[in-house]
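One structure is given here, and the rest of the page talks about it.
The values are calculated or read from the model by the stated rules, or taken from the named source; none is laboratory data. This structure is a prediction, so every number in the text was calculated from the model and none was measured. Backbone-built Cβ (ideal geometry, glycine too); neighbour counts: all protein chains shown. When the accessible area is computed, the model is the full protein with side chains, heavy atoms only, and any ligands, DNA or RNA have been set aside. Shrake-Rupley method; radii C 1.70, N 1.55, O 1.52, S 1.80 Å.
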Amino acid sequence: VGDQISRSIYVDGVHELELSRLLLPFLRPGMTAFDIRANVGYYTVLIGRRIGPTGAVHSFEINDEVYSVLDENVRINRLTNVRVLRLAVARRSGFVDFFTPPMGDEGEGSIRRSRRYEPVNTKRVSAVSIDDYIRAHEIQKVDLIKIDIEGGECEAFQGATTLLSSQHRR
């Protein structure tokens, strides 16, 4: 229970109660969801369980500090419908700088420099645009995008113009 998300689950049985309550009724078996900047996988697990084996969750996490926890959470929850990806989501596919936050703030790492902290490290990481990812994996529809990338959301959605203008969006 060393991080904020784990502590809130341990103490309250849920993380971000209001958002969880809003999200759960929307989810149906067979949906396709993107969890962009999945962190330790709270929403990945929540969504993966709810949409079931006929659904798919594409879970993006670039911070090495939490990627292994995300991967482990998917494994111990036996979620065969989840794909864990070590990719940043950006306007264009290629490479971007990832600004690593100080210990204890792992969830705040971003491809945008923070005004709150000096990065512990800056590293070049692989990135993909949402449209390129959908095209490469022949995804027919995306029902839900959960995104929390510390100020980089606008840039990520600039890489999703095809999806956002599609008749197949929810």
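Some points to look at:
- In the range 52-62, the residues that are out of contact with any Ser or Thr (no Cβ under 8 Å at 6 or more places or on another chain), of a type outside the set (Gly, Ala, Ser) and within 12 Å of PRO29 (Cα to Cα): THR54
- Checking each residue in the range 48-83 for being farther than 20 Å from LEU23 by Cα, open to solvent by less than 30 Å² (accessible area, probe 1.4 Å) and not in a loop (DSSP other than H, G, I, E, B) picks out only VAL66.
- Residues being open to solvent by less than 90 Å² (accessible area, probe 1.4 Å), part of a helix (DSSP H, G or I) and modelled with pLDDT under 95 - total across the range 2-44: 13
- In the range 44-59, the residues that are in contact (Cβ under 8 Å) with a residue 60 or more places away in the chain and closer than 14 Å to LEU144 by Cα never reach a residue that is basic (Lys, Arg) and buried (at least 24 other Cβ atoms within 10 Å of the Cβ) with C-beta atoms less than 8 angstrom apart, at least six apart or across chains.
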